[in-house]
1. How do the peptides 57-70, 96-109, 202-215 rank, highest first, by the average count of neighbouring beta carbon atoms within 10 Å per residue?
2. I need to check one value: relative contact order of the stretch 45-95, counting alpha carbon pairs closer than 8 Å and at least 6 residues apart, in percent.
3. Expressed as a rounded percentage, what relative contact order does the stretch 32-73 have, with Cα pairs under 8 Å and six or more residues apart?
4. Evaluate the charge dipole of the chain about its Cα centre and quote only its size in Debye, nearest 20, assuming +1 on the Cβ of each Lys and Arg and -1 on the Cβ of each Asp and Glu.
5. Return the distance in nm (one decimal) between the two label points of a simple spin-label model at MET168 and SER11, each offset 7 Å from Cα along Cα→Cβ.
6. About its Cα centre, how strong a charge dipole does the stretch 88-160 have in debye, to the nearest 20, once Lys and Arg get +1 and Asp and Glu get -1 at the Cβ?
7. Work out the FRET efficiency for ASP19 and ARG238 from their Cβ-Cβ distance, taking R0 = 22 Å, and round it to the nearest 0.05.
8. Which value in nm describes the separation of the simple spin-label points at ASP115 and LYS58, placed 7 Å from the Cα toward the beta carbon?
Amino acid sequence: MKRARVAYMGSVHDAYEKDGELRLDDGRIVFQHEVVWLPPIIPKTIFALGLNYADHAKELDFKAPSEPLVFLKGPNTLIGHRGQTRRPADVTFMHYECELVAVIGKRARNVETKDAYEYVEGYTIANDYAIRNYLENYYRPNLRVKNRDTCTPIGPWLVDAADVEDPMNLILRTYVNGKLTQEGSTKDMIFSIPYLIEYLSSFMTLNPGDIILTGTPKGAVDTKVGDEVVTEIEGIGRLVNTIVDEDEAH
Ligand code: MG
């Protein structure tokens with residue numbers, strides 16, 4: 001099942017897709033353009049991977065890491081499908097990152113790779129915008145690169161894990177104003193989702209609602225105010241976002 005959270009006529013609803021239609025938790029069927037899309041989950045800890053695709057690491061002139069390079073994001077960064085992302089006024093290079101997101105469904109501690117999928121509730125898509133002007137090197141905390149308000153659109157759907165046959169073999173694509181600018185496959189991740197669950201749960205507890213943004217393949221292109229950026233993943237969905245000027249946004 002594909003689940004969502006939306007606002008409609010002044011209240012927030014859980015929703016789901018059935019036969020191509022969007023249904024609210026009270027049974028009403030609504031048009032997708034009539035709702036405000038919210039992030040499909042209210043996450044606890046937000047993990048994100050740096051340089052988890054070798055081709056993207058190369059594009060940034062970094063060596064592919066030998067151990068997962070994980071950082072945290074704050075909830076201030078998240079917005080829903082069809083939202084507006086504010087481009088900071090002082091920035092000259094801001095690029096999207098189309099990423100598969102694993103949502104943890106069960107408390108996990110010391111989980112082995114072979115059992116790790118049992119702990120995944122489902123999958124969604126994030127666009128992990130990077131403010132590249134502030135990228136120094138990957139050993140430094142990257143708050144100013146990756147923790148800006150509105151700079152992580154996520155959704156539209158939380159797709160149940162049972163409906164995703166092989167999350168490690170999905171095509172990712174990004175379109176800017178309708179033009180394909182990024183294409184890759186999750187099979188090219190350096191550290192797979194099961195391995196990341198083993199790695200993180202080896203030194204800390206993962207809880208239901210924790211999410212892991214698994215990194216992006218190459219194809220980082222600067223995006224400007226007014227651009228429509230669509231990040232899509234085969235079988236998971238199509239996440240639409242528009243970039244607006246920081247000063248003009250409300
Ligand atoms: Mg990223």
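1. Descending packing order for the listed peptides: 96-109, 202-215, 57-70.
2. Contact order relative to length: 37 percent.
3. On the way: 33 pairs, mean separation 18.5, N = 42.
Result for the stretch 32-73 is 44 percent.
4. 420 debye
5. 4.4 nm
6. Taking the Cα centre of the stretch 88-160 as origin, the dipole is about 260 debye.
7. Once rounded, the FRET efficiency stands at 0.75.
8. Here the answer is 3.8 nm between the modelled labels.
Each value in this text was obtained by applying a stated rule to the coordinates, not by laboratory testing. In this text the structure is predicted, and so the values were computed from the model without any measurement. No Cβ is skipped: glycine too gets one built from the backbone with ideal geometry, and neighbour counts run over all protein chains shown.
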